[in-house]
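Below is one structure, written out as structure tokens; comments come after it.
The values are calculated or read from the model by the stated rules, or taken from the named source; none is laboratory data. Everything numeric in this text was worked out from a predicted model, so none of it was measured. When we count neighbours, we look across all protein chains shown, and the Cβ atoms used for this are built from the backbone with ideal geometry, even at glycine.
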4 protein chains.
Amino acid sequence: MTFEHDTLSVGMVGYAFMGAAHSQAWRNAPRYFDLPLRPRMSAVAGRDQAKVTAAAARLGWESTETSWQALIARDDIDLIDVCTPGDTHAEIAIAALEAGKHVLCEKPLANTVEEAEAMVAAAEKARANGVRSMVGFTYRRVPAIGLARQLVAAGRIGTIHHVRAQYLQDWIVDPEAPLSWRLDKAKAGSGALGDIGAHIVDLTQYITGDTIATVTGRLETFVKERPLPAESHTGLSGTADATGRGEVTVDDAAAFLAHFRGGALGVFEATRFANGRKNAIRIEINGSRGSLAFDFEDMNVLHFFDGDDDSATAGFRRILATEPDHPYVAAWWPPGHLLGYEHGFTHQVVDLVTDIAKGLDPAPSFADGLQVQRVLAAVEASSLSSAWQDIPA
Amino acid sequence: MTFEHDTLSVGMVGYAFMGAAHSQAWRNAPRYFDLPLRPRMSAVAGRDQAKVTAAAARLGWESTETSWQALIARDDIDLIDVCTPGDTHAEIAIAALEAGKHVLCEKPLANTVEEAEAMVAAAEKARANGVRSMVGFTYRRVPAIGLARQLVAAGRIGTIHHVRAQYLQDWIVDPEAPLSWRLDKAKAGSGALGDIGAHIVDLTQYITGDTIATVTGRLETFVKERPLPAESHTGLSGTADATGRGEVTVDDAAAFLAHFRGGALGVFEATRFANGRKNAIRIEINGSRGSLAFDFEDMNVLHFFDGDDDSATAGFRRILATEPDHPYVAAWWPPGHLLGYEHGFTHQVVDLVTDIAKGLDPAPSFADGLQVQRVLAAVEASSLSSAWQDIPA
Amino acid sequence: MTFEHDTLSVGMVGYAFMGAAHSQAWRNAPRYFDLPLRPRMSAVAGRDQAKVTAAAARLGWESTETSWQALIARDDIDLIDVCTPGDTHAEIAIAALEAGKHVLCEKPLANTVEEAEAMVAAAEKARANGVRSMVGFTYRRVPAIGLARQLVAAGRIGTIHHVRAQYLQDWIVDPEAPLSWRLDKAKAGSGALGDIGAHIVDLTQYITGDTIATVTGRLETFVKERPLPAESHTGLSGTADATGRGEVTVDDAAAFLAHFRGGALGVFEATRFANGRKNAIRIEINGSRGSLAFDFEDMNVLHFFDGDDDSATAGFRRILATEPDHPYVAAWWPPGHLLGYEHGFTHQVVDLVTDIAKGLDPAPSFADGLQVQRVLAAVEASSLSSAWQDIPA
Amino acid sequence: MTFEHDTLSVGMVGYAFMGAAHSQAWRNAPRYFDLPLRPRMSAVAGRDQAKVTAAAARLGWESTETSWQALIARDDIDLIDVCTPGDTHAEIAIAALEAGKHVLCEKPLANTVEEAEAMVAAAEKARANGVRSMVGFTYRRVPAIGLARQLVAAGRIGTIHHVRAQYLQDWIVDPEAPLSWRLDKAKAGSGALGDIGAHIVDLTQYITGDTIATVTGRLETFVKERPLPAESHTGLSGTADATGRGEVTVDDAAAFLAHFRGGALGVFEATRFANGRKNAIRIEINGSRGSLAFDFEDMNVLHFFDGDDDSATAGFRRILATEPDHPYVAAWWPPGHLLGYEHGFTHQVVDLVTDIAKGLDPAPSFADGLQVQRVLAAVEASSLSSAWQDIPA
């Protein structure tokens, strides 16, 4: 693969929520960061020509394709950005890697461990030819999260005893909220566990630099039937009942206990039923030397307790992670000028493009994505078996 | 039993931390509340005559005894207030009940389920003679907690989906913190689980009006040996090793998942290793109609999300539970003048004395205490078996 | 004056809100602190025999008097505790001092500067005979406030640039709230300014160790007429109009700018119209080396920004001022067990009794109270003159 | 003026902090919002050809000019976006308006009232020809601020009694921070007052829908001399002293009291010396029916106290202003996905472009900018005169 001059030509598959977030990242990253390669938003692919054309115009892509196969077949594309639902990740990503394209794949890596394993194998093979791959756990790139990892790595937290993580949303707490594809196991693979639980598994492992060894958990579906969405009563074949309702086939919520290999005790919870919590990714780390606390609903802030402070003046510090010496921040605004949700995607592009240019393997790798998948699979298995399940090292 | 005029003559066993808290309650309750019986702080019992005499003078008790047996034997005592470590609760409480004395017993009710069952039997028997008993889960009497229960009972939270509770302390995060009686299973029965986990089991069941049906959990002891306390190298016989260190025989932390009978999914955590958290009892309830959040480190506040508010103005309300229409508050200060830790004990005396005068059974009863004990025992069993354990209804 | 053995015999005048708060302090202080003299709650005075008798029974006073003159005349009384409205402070306190009684006088010291000056003169004269006097700015004795002062004194805040203080309440935001004595200038002397503004003047001067040199401000009365209280249409003679409404003769709110002698710029606000704020005493200090922030609605917490922390981990520390090394806390409960409103009164008794026993002058002195009064008078004058007003050094 | 098809061709003057913020807005607004005209980033002007060329490449402008005059002279430019320091605003904006270009001018509108008056006159004249002008108070376009205004307008706050606003930064609290152009009165016009105080004047007037009638205030310069910046010892001619230090000629901080025409009492403070506060725009509104509180350091949140809630459940609601029914939010991400600092600029472009296309006058107008300027001038005058100063209606 050659780079046209020093650009990186990107083709994106899918243009919904994630497609919009990725587009802004490709668009804005080179405006703030000195990138070694200039991303070119070459093409976006989608099945419906009218819709994909409109999306390209709106999101700023130069051309369109109506199949991902056609996109991958194009010689002028260096990187495939996979923004489709999870059930298509494996097929697209593997084909792209085999075609010698770098791949950025949205999380979760795949809907099953088996698919994820095949993707890792493809990534390993492609890597030998200098082809890079990355899975899109963008929350790692929130500056406050990066700072958290730095503090752990620097020993400021000490030996970690407790990891406490919740991802709380409430968007289907109303039992009359319609059945979307995200509530269909065939499409989404998993419910709250895979969609949002995946993030807190990745984030806690990233921050601690440790991995989960064993889990026991429980998946819950509080509302078992929901109205079918007005526009597509036939979209979820086989699930519609006489009254226009369909079965929810994924979990509404998941909770699990975990042991990390390093000895920490973990408590995790992911739910779409936490009334009043909109996107609360809450992470707390308690160690022998200090503690950390983070909430995505106040995402520019990291709370840090430094156990080395004298006891009369010790207290959780509310660090506004907008200083130039916080990760990624120097490229943005002066202190106290907050970043938002999409900046994590922009930072993801920065890191990915930099690694590709330097011939480095980006993180999180497909193998990292597979490991998260294995944790989620173990949680699901434990919910069925009511026993602890180990995750292979 | 007769009341001397309209007083209630109290004899207290033990005068350490809990003894001080109970003494202030007996002293102050009648100064703020119209009690139907006037508590008389008649006698305090302790083994060391000099120490108990000093304690009586400081805490305001009229006389002393050097054995609890002598205290119970006194005709002028109407109520025995048990403030000793958990391993003595059963013996003292049962003897007192058999002697026709009302009993207020500190939590945990006992160190084992068997002891607690014997206490419940004794309480049931005594009850037939008008003798009352109560276990001291005082946090129920924090006004913000009382308000939480009222909101659930009034249906403002709807069907409860999630119960999330943590009791976080950090007082032994330093591995060189000495081995106290609270770290000795023989004396304390349990570690974080029994000492502080008991509170969040009781509180969540109290607020929700529901009970825990089944649990799976894990107990952890992060620091397995600690220096023996300077003054009593022989106090914990058999545990001292050659270097003056002793074994920690209780849990430093416990975490467990739970199903409530009403369908809620519970996630619980109790630890003495949450660096920077001093006494953080954090409870969150998410229901179909609203949510609640509480943290004892800001104990006068209840956060309430009312799902009935229109979406543009909905948000967690920070209710300062110091209004006259909040539980117990009318007896105290004007709005915005905070109550503290000990007020829960004062309210406990108010409720207990009122119930005794009215011939009602106080809550939480010994049976309630036993039920909490059974949950804790099930958690401990699940930690050993790595399987879910049911709690008898 | 002689002490009966080692007791300090107290006589209190008034038994309403402040009388209750003071009573609990006299009752509880010796139960937690080792006091060099034992307070004896000898007598309480009030004009109505039935009411004062009931109050004595409830609050725990041994005897009653129906005039403050009779109380002062008693040989067995060592200290007069003045808990009446401000218009009577001067007369009672001066008489008590002249009778050789120590005096604790509630704030504000007096309703006018002239009265306060007379009280200071009386206090100075009595002092020569070993008679002590103190004005009751109890908020100084909140541990978090004491810690704030310590941090300033230790240089941790550096040169102070900004003092920002608000005392926000909302108890008369409803225009139909009745006309109480606190809204009558003849009785109360002042409205929000004198009642609650006095506290933030005292607190900021106490924390900074500095005094206010000059001010300009504005007093506002948003609701100029209110319904007369049902029980006493004649109680506020001359103010009732035909429709049973009376004139509000004090300020609802006051705001002022100030220069401290040390160079800090001060911004102050006191109001009874801050809807939703119940007792929010909010103080912020910004200095060259650090900053402090406090809110009485979360009174156990002091926020401290340490400018010496490295910029990546600097942030306001939420210090829970319940550690044994925080002021007064060692006598109370373990870390994380909160204190409440009344503890400040208890600490006031501790300090006052200790100073009396040691022959020291307690703080804040009557002279300190006068200085606060002068600041308030200057604010009031500036509101009329629309010009800055100096406060004599 | 004609639009090339349906584009709006933009020429920007200046490319520093504000230029970067405006560029991203022009770039991103059409990607999220359906704009009636498509902005074209035609040209950017700056004096140094090399630097402006680099800026154009980085920020995404099609061409460059080395003088603003040349930019204005171009026929293909429809709108001039003025992002230079305040001392050049009047000249550029007036020339642009006279050339028939729409103008977006950064705040403060000008460095003096006189300049601002001339700009308003030019804007009024141009308006007759359909030429639009707007001043860039972007914080109005933060969704939480928009919601605040809506709640006031809907009567949810009632009659406003208190307006409390602070703009707190700390970037020059270090006395060794160098002398930048922002500390030079000739260039910047004003210090904290004009730079950041302008925002809270505009915001509070915008939210309340009311204007300030009279003020008294004080400006402070805590550090009167600072080291000259290394690169430009001659940049601030005439201010360098022998030791390489220069005089600070603007205010470090400003505080003032205000009366709003509608009767509210205002308290304002703007400072660059609030150690630990990075960009804390804090606004509180207290009214007869409710209250609002906002802090830009948590800019997605509006706190709302609804006085109509029953007293047992009333409390400040923490509204996360990320719902689709909050201003501007529907175009962005799902609930709970936060927006950042630059989104206000994007919304500004949306509103400006929409108004131009519809032939409406955008707000805030130059007249609004002048009115803010008059308030600032009155504060400055009051600081000199020590008297209240009126602002013409």
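Matching residues to (1) under 30 Å from B:Phe296 (Cα atoms); (2) over 19 Å from the mean Cα position of the chain (by Cα):
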{"site": "C:Pro327", "(1), (2)": "yes, no"}
{"site": "C:Pro335", "(1), (2)": "yes, yes"}
{"site": "C:Gly340", "(1), (2)": "yes, no"}
{"site": "C:Arg374", "(1), (2)": "no, no"}
{"site": "C:Ser382", "(1), (2)": "no, yes"}
{"site": "C:Ile391", "(1), (2)": "no, yes"}
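Sort out which residues of region A:206-221 are under 15 Å from the mean Cα position of the chain (by Cα) and buried (at least 23 other Cβ atoms within 10 Å of the Cβ), and write them in order of number. Please lay out each step first, then the result.
To start, the set of residues in region A:206-221 that are under 15 Å from the mean Cα position of the chain (by Cα) comprises A:206-207.
The answer is A:Ile207, and nothing else.
Restricting attention to region D:108-142, which residues are crowded, with 23+ Cβ neighbours inside 10 Å and touching an Asp or Glu at 6+ places or on another chain (Cβ under 6 Å)?
Hits for region D:108-142 are D:Gly136, D:Phe137.
Suppose the filter is out of contact with any strand residue (DSSP E or B) (no Cβ under 8 Å at 6 or more places or on another chain) and touching a residue at least 40 places away in the same chain (Cβ under 8 Å); does C:Arg141 pass it? Before the answer, list the steps.
Values: out of contact with any strand residue (DSSP E or B) (no Cβ under 8 Å at 6 or more places or on another chain): yes; touching a residue at least 40 places away in the same chain (Cβ under 8 Å): yes.
Spelling it out, C:Arg141 is indeed out of contact with any strand residue (DSSP E or B) (no Cβ under 8 Å at 6 or more places or on another chain) and touching a residue at least 40 places away in the same chain (Cβ under 8 Å).
For region A:295-307, check the following and say yes or no: at least one residue is modelled with pLDDT of 95 or more, assigned to a loop (DSSP other than H, G, I, E, B), within 8 Å of another protein chain (Cβ to nearest Cβ) and at positive phi.
No, region A:295-307 has no match at all.
Looking at region C:236-253, is at least one residue more than 9 Å from every other protein chain (Cβ to nearest Cβ), within 30 Å of D:Gly217 (Cβ to Cβ), in contact with a Gly (Cβ under 6 Å, 6 or more places away or on another chain) and not in a strand (DSSP E or B)? Working first, answer last.
Initially, region C:236-253 is screened for residues more than 9 Å from every other protein chain (Cβ to nearest Cβ), giving C:236-251.
Remaining after also requiring within 30 Å of D:Gly217 (Cβ to Cβ): C:248-251.
Next, from what is left, pick out any that are in contact with a Gly (Cβ under 6 Å, 6 or more places away or on another chain): C:250-251.
Filter once more, so that each one left must be not in a strand (DSSP E or B): C:250-251.
Checked region C:236-253: at least one residue is more than 9 Å from every other protein chain (Cβ to nearest Cβ), within 30 Å of D:Gly217 (Cβ to Cβ), in contact with a Gly (Cβ under 6 Å, 6 or more places away or on another chain) and not in a strand (DSSP E or B).
Just name the residue that is surrounded by the fewest Cβ atoms within 10 Å (Cβ to Cβ) out of those in region C:262-278 that are out of contact with any Asp or Glu (no Cβ under 6 Å at 6 or more places or on another chain) and more than 7 Å from every other protein chain (Cβ to nearest Cβ).
C:Gly263
Examine region C:48-62 for a residue that is at negative phi, surrounded by fewer than 15 Cβ atoms within 10 Å (Cβ to Cβ) and within 24 Å of the chain's Cα centre (by Cα), and state whether such a residue exists.
Among the residues of region C:48-62, not one is at negative phi, surrounded by fewer than 15 Cβ atoms within 10 Å (Cβ to Cβ) and within 24 Å of the chain's Cα centre (by Cα), which makes the answer no.
Report yes if some residue within region A:28-37 is in contact with an Asp or Glu (Cβ under 8 Å, 6 or more places away or on another chain), more than 14 Å from chain D (Cβ to nearest Cβ) and over 26 Å from D:Trp26 (Cα atoms); otherwise report no.
No; the residues of region A:28-37 include none that is in contact with an Asp or Glu (Cβ under 8 Å, 6 or more places away or on another chain), more than 14 Å from chain D (Cβ to nearest Cβ) and over 26 Å from D:Trp26 (Cα atoms).
Suppose we keep only residues that are within 14 Å of another protein chain (Cβ to nearest Cβ) and touching a helix residue (DSSP H, G or I) at 6+ places or on another chain (Cβ under 8 Å) within region B:372-393. Which one would you say is surrounded by the fewest Cβ atoms within 10 Å (Cβ to Cβ)?
B:Asp390
Only helices (runs of 4 or more DSSP H) wholly contained in region C:114-228 count here; list those with 2 or more residues that are more than 14 Å from chain D (Cβ to nearest Cβ) and basic (Lys, Arg). Can you show your working first?
Details: elements: C:143-153, C:185-188, C:198-208.
Output list reads C:185-188.
For region A:317-335, how many residues are within 11 Å of chain D (Cβ to nearest Cβ) and more than 23 Å from A:Ser291 (Cα to Cα)?
Final tally of qualifying residues: 5.
Would you be able to say whether some residue in region C:240-250 is under 29 Å from C:Asp210 (Cβ atoms) and modelled with pLDDT of 95 or more?
So in region C:240-250, the residues under 29 Å from C:Asp210 (Cβ atoms) come out as C:250.
Going one step further and asking which of them are modelled with pLDDT of 95 or more, we end up with C:250.
Scanning region C:240-250, I find at least one residue that is under 29 Å from C:Asp210 (Cβ atoms) and modelled with pLDDT of 95 or more, so the answer is yes.
Any idea which of (1) in contact with a Phe, Trp or Tyr (Cβ under 6 Å, 6 or more places away or on another chain); (2) more than 17 Å from A:Asn28 (Cα to Cα); (3) in contact (Cβ under 8 Å) with a residue 60 or more places away in the chain is the one D:Gly11 doesn't satisfy?
(1) is the only condition that D:Gly11 fails.
For region B:7-26, state whether one or more residues are farther than 19 Å from B:Val353 by Cα, hydrophobic (A, V, I, L, M, F, W, C) and at pLDDT below 95.
Going through region B:7-26, the residues farther than 19 Å from B:Val353 by Cα turn out to be B:14-17.
Remaining after also requiring hydrophobic (A, V, I, L, M, F, W, C): B:16-17.
Then drop every residue that is not at pLDDT below 95, which leaves B:16-17.
Yes, region B:7-26 contains at least one residue that is farther than 19 Å from B:Val353 by Cα, hydrophobic (A, V, I, L, M, F, W, C) and at pLDDT below 95.
Can you run down the residue pairs with Cβ atoms below 7 Å, 6 or more apart or on separate chains, where the first is in region A:157-180 and over 26 Å from B:Thr271 (Cα atoms) and the partner is of a type in the set (Asp, Glu)?
Final answer for the pair search is A:Ile172/A:Asp252.
Taking region A:347-393 as the region of interest, how many residues are part of a helix (DSSP H, G or I), under 30 Å from A:Gly11 (Cβ atoms) and not basic (Lys, Arg)?
Going through region A:347-393, the residues part of a helix (DSSP H, G or I) turn out to be A:347-358, A:366-385.
Going one step further and asking which of them are under 30 Å from A:Gly11 (Cβ atoms), we end up with A:347-358, A:366-374, A:376.
With the extra rule that they be not basic (Lys, Arg), the set shrinks to A:347-357, A:366-373, A:376.
Number satisfying all stated conditions: 20.
Out of C:Leu193, C:Leu183, report the one residue that is farther than 22 Å from C:Val350 by Cβ, modelled with pLDDT under 95, outside the structural domain of C:Gly19 (by TED's automatic domain parsing) and surrounded by 21 or more Cβ atoms within 10 Å (Cβ to Cβ). It would help to see each step written out before you state the result.
Working: C:Leu193 fails: modelled with pLDDT under 95.
Among C:Leu193, C:Leu183, only C:Leu183 is farther than 22 Å from C:Val350 by Cβ, modelled with pLDDT under 95, outside the structural domain of C:Gly19 (by TED's automatic domain parsing) and surrounded by 21 or more Cβ atoms within 10 Å (Cβ to Cβ).
(1) under 16 Å from B:Leu203 (Cα atoms); (2) within 14 Å of chain C (Cβ to nearest Cβ): which one isn't true of B:Glu284, the others all being true?
It fails just one condition, (2).
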